[in-house]
1. Report, to two decimal places, the Cα Rg of the range 2-177 normalised by 2.2 N^0.38 Å (N = number of residues).
2. Compute the length gained on full extension between residue 212 and residue 132: take 0.36 nm times their separation in residues and subtract their Cα-Cα distance, giving the result in nm to one decimal.
3. Please turn the phi angles of the range 267-278 into ³J(HN,Hα) values with the Karplus equation 6.51 cos²θ - 1.76 cosθ + 1.60 (θ = phi - 60°), one per residue in order, whole Hz, x for glycine and proline.
4. For the modelled label position 7 Å from the Cα of residue 226 along Cα-to-Cβ, which residues of the range 282-308 have backbone nitrogen atoms closer than 18 Å?
5. Per residue, what volume in Å³ does the Cα convex hull of the range 182-301 take up?
6. Go through the range 240-308 and name the GluC sites (Glu not before Pro) that are in a DSSP coil and have 15 or fewer other Cβ atoms within 10 Å of their Cβ.
7. Hey, can you rank 142-148, 192-198 by average C-beta count inside 10 Å, highest first?
8. Quick one: angle between helix 32-41 and the longest Cα principal axis of the chain, in degrees between 0 and 90, rounded to 10, please.
Amino acid sequence: MRIAIMGAGAVGGYFGARLLAAGADVAFLARGRHLAAIRQDGLRIDSAAGNLHLKNVTASDNPAAIGPVDIVLFAVKLWDTEEAAAKLAPLIGPETAVITLQNGVTSAETLAARVGAAHVAGGVAHIAAQVFAPGVIRHTGTMARLSFGELNGKRSERMTRFHALAADAGFDAIYSPDILSMIWEKFTFLAPFSGVTALTRQPVGVIRAVPETRALFLDAVAEVAELARRRSVNLGPDILDRIGTLIDSLVPEMKSSMLNDLERGGKLELPWLSGAVVRLGRELDVPTPVHRVIAAALAPYADGPPAK
């Protein structure tokens with residue numbers, strides 16, 4: 001089974017490295033200094049779950065150099081979705097599954113428009129990681145879970161085969177019969193987590209310890225949960241309690257990737273997170289005051305630091 005990692009950053013790089021270390025046939029699509037470092041010295045994973053230094057890694061910026069694969073893990077930043085999706089064609093064979101691991105709830109539709117709905121599957125990555133330096137991915141804590149499945153909920157041979165590979169790769173691999181609900185459940189956590197950590201410039205330990213910021217976070221969760229309900233996505237009646245328990249279980253120093261991007265002066269996925277919550281709220285007539293403030297307050301930083 002051949003696997004291509006489209007976007008070998010923190011998420012794609014980590015899970016791709018674990019799959020490669022377990023013996024899977026994996027090729028990485030990257031660019032710039034990160035690609036150059038991988039080609040020169042391989043891919044390094046710094047993690048409490050076990051360090052890796054993989055040399056002789058297949059890496060390219062050209063999908064045509066890799067050719068058709070069985071699975072594409074699509075893990076580019078949301079602002080790169082259209083550009084990356086336009087480059088997928090050389091990777092697509094008759095039964096190829098493109099599993100989107102991106103944040104947000106709109107990527108599957110974008111990919112389906114490019115490669116056809118039959119080639120698109122859903123995925124959810126739970127991990128705290130960042131590209132610490134070119135060719136080096138730093139994993140915070142030990143949580144590393146990859147969930148995936150067909151968007152129609154049916155079992156398939158391609159997902160079954162991929163699950164067999166992933167189950168031996170040193171991370172939690174979950175083949176879900178309801179991946180759409182899992183995508184929305186993650187979004188219900190991630191949009192508030194990204195927004196509140198970036199707004200306050202604080203990690204989760206501070207957010208949950210201060211009553212005012214904890215309440216703000218949970219109010220933001222409630223807004224997204226209501227959107228899911230209006231979209232007929234079943235997250236269960238205890239979704240707020242589950243997410244409250246989740247943030248209490250995270251290592252105190254954990255930050256969102258959006259806060260990491262903000263601190264290093266990069267672009268933000270804001271339009272696809274709190275921004276998307278606000279847009280969907282308008283469409284569905286759901287009030288989203290917390291996310292409206294987050295989206296407005298962080299808007300000057302969406303494309304990097306504002307000009308002075």
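No value in this document is a laboratory result; all are computed from the given coordinates. A quick note: this is a predicted structure, and the numbers were derived from the prediction, not measured. Methodologically, a virtual Cβ is constructed for each residue, glycine included, from the backbone with ideal geometry; neighbour enumeration extends over all protein chains shown.
1. Values: Rg = 14.7 Å, N = 176, 2.2 N^0.38 = 15.7 Å.
Output field value: 0.93.
2. Numbers: separation 80, 0.36 × 80 = 28.80 nm, distance 3.16 nm.
Net length gain for the segment: 25.6 nm.
3. Calculated HN-Hα couplings, in order: 5, 10, 7, 3, x, 9, 10, 4, x, 5, 4, 5 Hz.
4. 282-296
5. On the way: hull volume 11.1 nm³, N = 120.
So the per-residue Cα hull volume is 93 Å³.
6. Values: sites: 253, 263, 269, 283; in loops: 253, 269.
Answer by residue number: 253.
7. Sorting 142-148, 192-198 by mean packing, highest first, produces 192-198, 142-148.
8. The two axes meet at around 50 degrees.
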